[in-house]
Structures are given as structure tokens and as C-alpha cells.
Amino acid sequence: MLIALTVIGSLSTLLTFSTLWQIKEWRCDRIFDHLRSEGALRQLSGVLRIPLLAVWYTAGAAQIIAAQTAVLGSLATLAALSIMQLILHRQPMPVWTAKAKLIVLLSLLLTLLGSTGIAGYNPLLLAPFVILQPAVVVCVWTLLLPVDIFLKRRILRRAAVLRSLHPEITVIGITGSVGKTTTKELIACALGEAAIATPAYVNSEIGVARWIIKKFSAVNIDLSAAKILIIEMGAYRIGEIAKLCAVARPNLGVITFVGSQHIALFGSQERLVNAKSELLKALPANGHAFLNVDSALTAGMKSICPCPVTTVSTGGSSDMEAFDIEETSRGIKLRIGTTAFTLPL
């Protein structure tokens, strides 16, 4: 019974951490940064589990109840919390990709084996083992890492080959600290059926590579009318946008804004700027770059562009400047030169 309660009690913590780590793309740097900023204990175990365990174990240590009762009661409490989370549909669940399924399944198996060994050694350690489920998930992820690296490299190679077979396609790459998704959607709206944009939350090298494979597959018909791909490019370390550009081969590049977002992951402002500028360095000589020079850091990238550049702003020296910007109930009004625009935003 103790082993069964341990596995059931572990389920909620295991699923919660797996979901959170999947959102962070199974990356150690991103999950550590998130836990550091949001609070590790609350994110990993919630607000109830540790206080409830403290009550049971304190009662056992004070000999108010028997030690065996404290163990059984604590595990039953954790199992009840897991079951309630599932019944009330409040349990965070990962997107059930093949990777997520494998990690969760192997983590449950490792939990079963671990709880069996712990029960024979010292049952008092079973409840803390439930709280330590994130460590179990990390162990499984580490074991699968070599296979994961191999599969990712194969996906990147296949996407690069498929992209190279379609030189007639124009690719617009968009990056920046903020505004990437908004800019992507606005460009897609302006271009209409001539363009296809990456879906929401697809901006990493693997996510984009999988999307390119799907779009360039032999049976795909989406490219029959569209001749432009709009690709959002995110990065959390040096070299990631360069790797993405090696696959997507952008012809046009857009830098929205460079600030201090995710600076803890890059280590410095200079490294963040260098990471974003990888898009510009990847553009061909006959390409074109568009820079928002309202951002001083973006403006400084103009000198590294190997192709023509158009600068835009809302209050400074640039090639295209928006004046008289006004928000109304019908949208945004602005003027560029002598031409007035109204955007229903």
C-alpha cells in the first residue's frame, strides 16, 4: 500500500514539473531562471504539500501518533491531493508529444522502482521522495539527452535540405526582445494569402525546423499560393538564431526592439545584442533589413548589416517615421510623410 500511495502521490508533482519544463522547451537554463524568479518551492511542490508533511512528521516525532501512522497519513494526504487535482481538472498537463509521453512514463517507472527500494530501506523517506519528483524527471531527461540531441540534429538537417530545394520562397525573419509575435501577425495580415507565418509559440530552431518540414513536405499544398514565409525567431543564448537562420535562410530581417528581457540567460547586454544581430549577419547581400531605431541598441546594428537597411521610428531620424500617432475608438491613426493611415487595432 505504501508504494501505491507513493506513486499516486507523486503523480501531481511529476506532471506539474513536466508541464512547466516542457513550456520552457526542456531547457535547463530557462527552467532554472524561471524557478529563481518565481520561487522554486511554490513552483515545484505547491503551497500545501510541505506544510502538511511537516504536520504529520512533527506529530510522529512528538510521539503523538506512531511513526508508521505518520508515514501512512502523509502518503495518503499526498495521494488525495493528486487525485483531487485530477478530478477537479486543476492538474497542469503537458502536451502529449512523444517526448513528453516517454519522460512521464519513464519517470513513473523510476518512481515505482525508487519507492520499492526506499520502502525496504526506510519508509520515513517515502513522503520526501514524492516532493523530490522534479529530480526524478531530471534524471530521466539526462538519460534521454544523447538520443534527443541526435534526433534534433537530424530534424535540423532535413529542414535545411527541404528549404534549399525551394529558392523561390522568400523568408522574412523577425526577432527582438519584445514585439516579435505582434509584428509577425501584422506582416502576415498585410501580405494576406501571399504569406504563411509560424504558429503561436513556434520560434525555436527545432520548432521552426519541424514547421518547415511540414510546409515543404511533398504532399503539402499550402505553398501553392503563398510564396513568403514569415518566421518568428526567439533565442535564449548566443548561436541559436544563427542556427535557425542556417535552416530557414532568411531574405529579409526585422529587428523589433532590443531591451533587457532574458538578460540573465545571456549574461550581459552585449551578448544579448550579439544574439539578436545574428539574424542580420545571416541575410544575403541582395536581402533587406528593417530596424526599429526607437531602440538605441537596435539602431546600433545598422553598421553590421551586409545588405540595404530601412530604419523606422516614431520620433527620431529614420528612413520612415510615424507622426501624429493617435489612438481612437476606431483604431490607431498615424501619418508617414504626407500620407495618413488608419489601422483597426
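The values are calculated or read from the model by the stated rules, or taken from the named source; none is laboratory data. Because the structure is predicted, anything quoted here is derived from the model rather than measured. Neighbour counts are summed over all protein chains in view; Cβ atoms, including those assigned to glycine, are modelled from backbone coordinates with ideal geometry. For the accessible areas, the whole protein counts, side chains as well, though only heavy atoms, and no ligand, DNA or RNA atoms are used. Shrake-Rupley method; radii C 1.70, N 1.55, O 1.52, S 1.80 Å.
For the reader, a short list of remarks on this structure follows.
- Pairing each residue of region 106-119 that is within 13 Å of L14 (Cα to Cα) with any residue that is at pLDDT 90 or above and open to solvent by less than 30 Å² (accessible area, probe 1.4 Å), provided the two are 6+ apart or on different chains, yields C-beta distances under 6 Å for L106/V140; S107/L14; S107/V136; S107/V137; S107/V140; L110/V136; T111/S10; T111/V136.
- In region 11-28, the residues that are under 11 Å from the mean Cα position of the chain (by Cα) and aliphatic (A, V, I, L, M): L20, I23
- Failed condition for T256, given (1) at pLDDT below 90; (2) β-branched (V, I, T); (3) open to solvent by less than 30 Å² (accessible area, probe 1.4 Å): (1)
- Number of positions in region 133-147 that are buried (at least 17 other Cβ atoms within 10 Å of the Cβ) and either of a type outside the set (A, V, I, L, M) or within 16 Å of A79 (Cβ to Cβ) (or both): 3
- Residues that are polar (S, T, N, Q) and either outside any loop (DSSP other than H, G, I, E, B) or open to solvent by 20 Å² or more (accessible area, probe 1.4 Å) (or both), drawn from region 273-320: N274, S277, N286, N292, T298, S303, T310, T311, S313, T314, S317, S318
- With respect to the conditions (1) open to solvent by less than 30 Å² (accessible area, probe 1.4 Å); (2) within 23 Å of T298 (Cα to Cα); (3) touching a strand residue (DSSP E or B) at 6+ places or on another chain (Cβ under 8 Å), A195 falls short on a single one, namely (2).
- Across region 59-99, the number of residues qualifying as part of a helix (DSSP H, G or I) and either at pLDDT 90 or above or open to solvent by less than 80 Å² (accessible area, probe 1.4 Å) (or both) comes to 23.
- Restricting region 172-190 to residues that are small (G, A, S) and open to solvent by 30 Å² or more (accessible area, probe 1.4 Å), the residue that is nearest to K281 (Cα to Cα) is G179.
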